[in-house]
Structure formats: C-alpha cells, structure tokens
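S.K.: I am attaching a structure below and will ask some questions about it afterwards.
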Amino acid sequence: MKKRMMFVAGLALVLAGCQTQDEGRNSSVSSASINTEATTSNSTSTNSSTNEETAATGEDLPLNDTQYGRGAASDGADTNDDEEATRILTADSKSIIIYFSRSGNTENLARMIHNENQADVLELAVENPYPADYEEAVERANEERENQDYPKISTEIPDFGQYDRIYLGYQTWSMTLSHPITSFLMDHGEKFNGKTIYPFSTNAGYGEGDTLERIGELAPGATIAESFEIQDEDLLANQDQVIAWVADSES
C-alpha cells in the first residue's frame, strides 16, 4: 500500500507537483502539482469550506474545489481568499499535519490524513501569496530559487513540544521542496529534534525528486519516516492507500 517513490529544464517544471506534470492526464484531486505538458485546466467539483469548529466536533474536513493542469490558476491567496488558513490545535494530540498549498490540492491530501487520524493541522501561509496566474507564479518561483530568496512565513508558529509525529505536506518544485516548506524548515527545522517526520506529496509520475534528502538536511535531528506519494490522477480512487499509510504511521 505504501509507496516511495534532476532539475528539469523549463519554466513549466518549476511548480512541478503543484498542479500536474503528466502528458494529457488529469485528476479530480491532486496534491498541488502543475502539469507541464497538459494543455487544459480542469477543476474538481467537491465541497469547499473549512473551519476550526467543524474539526473540533470530530467531523471530517471537506475537500476543496481545485484546478489542475498546465496553466491552472489559484485563488491568488494560496487557498485562503475566502477563508482563514486552517489551524486546528488541541491540547492532547500527539500528531500534527503541517502543509503549504498554493492551489488547494496539497490541502486536499492533508485533509484526507486529518479525516483519518484527527491530527492537529497547521496550514502555512506566506507574507506575499503566490500569483493566481500560473506563468507569473512560475516566474516568481524561478527568481526565488535562483536568488535563494525564499518567502517569509506569516503563520504564527505554535510550540511543537507535545507532538511526536509531524506530517509534512508539500509540492515538488523543480524536483525539490516547494519554497515555503524550505523557508519553514530553515527557520524551524531544529524544533523537530527527536521527532518523526512523515512526508506526504503527490506527483504526475516524476516522483519526489530530492525532497526527502532536503528535509533531512533542514531537520537533521528528526527521523524521516517512509513517505507517502501518489500520482495525482490516482488519489481519489486510492484513498485506501492514504488510510493504510496513516494507520501504519500511527501504530
């Protein structure tokens, strides 16, 4: 059930894993991946809403409507144009899901995990959200990478002392970690000393790149557990894989 899965030239690969990269393949849910070869944008038609009160009752978080495919636009606020970033913090949980999502697909996978284990949730936001326009977002990400000038995290970071398990959700941009996650780990990676990180992501067939190695470099005191990654087009039809991975990580 569990799956583990080169910098590729061209602007369109910068946000690989942020919409979908597969040739002409689309899915109703992906984990924030941009398809560098598909020619059309598509969207899911799932229920879109969230709040901390829903989570506090133990009810499932709904999946978002998202776009995917080359050129797909985001809401221009990294999923938070109509709502606050998801923040569910309790006094007793030993697990927390931390993620960044530009277009909402990584958020969908994060919510699947939360719906299975009821872990706390911390959605990361950046001070200057990525543009809604795909090409503009690619241009910005290229500049950030070339200048090693990663975005500042605007999220209020809680004390992670109570947590043993850290579920870390991200996109693969140019076959490495998306920049907000890099920024977060550069500032807070040492807070995971002695903890176990469970990375999760989706892709369109290119795998995780060097993301696991980068997490290890930025959080050297943490144990990096077996990751969960799945091709975006397979996610909805294989939620049992998410369930099995979560169950194994919590055992």
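The values are calculated or read from the model by the stated rules, or taken from the named source; none is laboratory data. Model, not experiment: these values are computed from the prediction. Here the Cβ is made from the backbone with ideal geometry for all residues, glycine too, and neighbour counts use every protein chain on show. The protein model used for the area step is the full one, side chains on, heavy atoms only, and it has no ligands, DNA or RNA in it. Shrake-Rupley method; radii C 1.70, N 1.55, O 1.52, S 1.80 Å.
S.K.: Can you give me the % of accessible surface on segment 170-251 that is carbon or sulfur? Probe 1.4 Å, all protein chains present, nothing else counted.
M.R.: 45
S.K.: Still on this structure, please answer the following. For segment 147-251, give the magnitude of the charge dipole about the Cα centre (Cβ charges: +1 Lys/Arg, -1 Asp/Glu; no others), in debye to the nearest 20.
M.R.: 320
S.K.: What is segment 179-251 by shape, rounded, prolate or oblate, if you read a ≥ b ≥ c off the alpha carbon gyration tensor as root eigenvalues and call it rounded for a/c under 1.5, prolate for a/b larger than b/c, and oblate otherwise?
M.R.: Values: a/c = 2.69, a/b = 1.50, b/c = 1.80.
In terms of gyration-tensor shape, oblate.
S.K.: Please give the per residue accessible area of segment 96-200, computed with a probe of 1.4 Å over protein heavy atoms only, in Å².
M.R.: Solvent-accessible surface per residue comes out at 32 Å².
S.K.: Separate question: Select from segment 139-180 those GluC sites (Glu not before Pro) which occupy a DSSP coil region and have at most 10 other Cβ atoms within 10 Å, ordered by residue number.
M.R.: Details: sites: 139, 143, 144, 146, 156; in loops: 156.
Listed in order of number, the matching sites are 156.
S.K.: Points 7 angstrom from Cα along the Cβ direction at residue 128 and residue 143: gap in nanometres?
M.R.: My value for the distance between the label points is 0.6 nm.
S.K.: On to the next question. Heavy atoms only, probe 1.4 Å: what % of the accessible area of segment 93-142 goes to carbon and sulfur, would you let me know?
M.R.: Within segment 93-142, the accessible surface is 41 percent carbon and sulfur.
S.K.: Between beta-carbons, use under 15 Å as the cut-off and find the net charge around residue 194, counting Lys and Arg +1, Asp and Glu -1.
M.R.: +1
S.K.: Something else about it: Classify segment 140-235 as rounded, prolate or oblate, taking a ≥ b ≥ c as the square roots of the eigenvalues of its Cα gyration tensor: rounded when a/c is under 1.5, otherwise prolate if a/b is larger than b/c and oblate if not.
M.R.: Oblate, because a/c is 1.5 or more while a/b does not exceed b/c.
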